Amino acid sequence: MPQPKINYQRELEKILDSLQGQRPTVLLHSCCGPCSSYVLKYLCEYFETTVLYYNPCIAPVEEYEHRKRVQLDLIAQMNREGAGIQFLDCDYDHGSYLSLVTGHEMDREGGDRCHICYEQRLRRTAETARDQGFEWFCTTLTVSPYKNAQLLNKLGLQLQEETGVKYLVSDFKKRDGYKQSIALSHKYGLYRQDFCGCEFSWRNPNEEKTQEKG
């Protein structure tokens, strides 16, 4: 019998209520500027927020660099409004992603290849949060209606057990989060990609390309 789905937005709101005005640090994995727009607006009310840009899945390198510039431009614009967001960069390491997904090149979108990709990015975020002394870690990926929030939160909670850093559960697409990210993308003039990022999502003609898949 399938397990009932957890309302992670409700669980997130419980955590935020428990902060009682404290502003802990959170390391936020961001897949791209558009996805992070709403998430940053939301989290900066409660946390001292640092963005980790770790996305080895993205190809080609020109696309990767373009998305990173969009992320940096968004942060600069939000900081001019007083957000106080910090940024951590990572080297472009597409080879590590390709090694992990070998044998999964023809998986459907949202299948095992994507699950491997989620785990790689979340693991790097959790380990960086542990090594640099952040109190929490989180990801923007749950803002997308094309991502499995149940799976992402399960992975995050597993990594919490492994690293000892608290994972901030989320389902940011709730409360019209995804719709708000679209509006904020227009406000800040952000490039909205039409494929997830890896060459497999881009090259597969049988998969529907959908904006902001992250």
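Summary table
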quantity	calculated
Condition broken by GLU65, with the remaining ones in (1) modelled with pLDDT under 95; (2) over 24 Å from PHE137 (Cβ atoms) satisfied	(1)
Candidate set: the range 52-76, residues that are more than 20 Å from SER96 (Cβ to Cβ) and hydrophobic (A, V, I, L, M, F, W, C); chosen: the one most open to solvent (accessible area, probe 1.4 Å)	LEU72
Residue under evaluation ARG121, criteria (1) closer than 21 Å to VAL39 by Cα; (2) not in a helix (DSSP H, G or I), criterion not met	(2)
Every residue from the range 1-38 that is closer than 19 Å to ASN79 by Cα and either without any contact (Cβ under 8 Å) to a residue 24 or more places away in the chain or aliphatic (A, V, I, L, M) (or both)	VAL26, LEU27, LEU28
Whichever residue in the range 181-205 is within 16 Å of the chain's Cα centre (by Cα) and in a helix (DSSP H, G or I) and, among such residues, is surrounded by the most Cβ atoms within 10 Å (Cβ to Cβ)	SER181
Selection from the range 130-188 of residues that are at pLDDT below 95 and small (Gly, Ala, Ser)	SER144
Candidate set from the range 3-59 (those that are charged (D, E, K, R) and in a loop (DSSP other than H, G, I, E, B)); member that is farthest from GLN86 (Cα to Cα)	LYS5
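The values are calculated or read from the model by the stated rules, or taken from the named source; none is laboratory data. The shown structure was predicted, so the numbers you read here are calculated from the model rather than taken from an experiment. Cβ atoms come from the backbone with ideal geometry, glycine included; neighbour counts cover every protein chain shown. Calculation scope for accessible area: heavy atoms of the full protein, side chains included, ligands and nucleic acids excluded. Shrake-Rupley method; radii C 1.70, N 1.55, O 1.52, S 1.80 Å.
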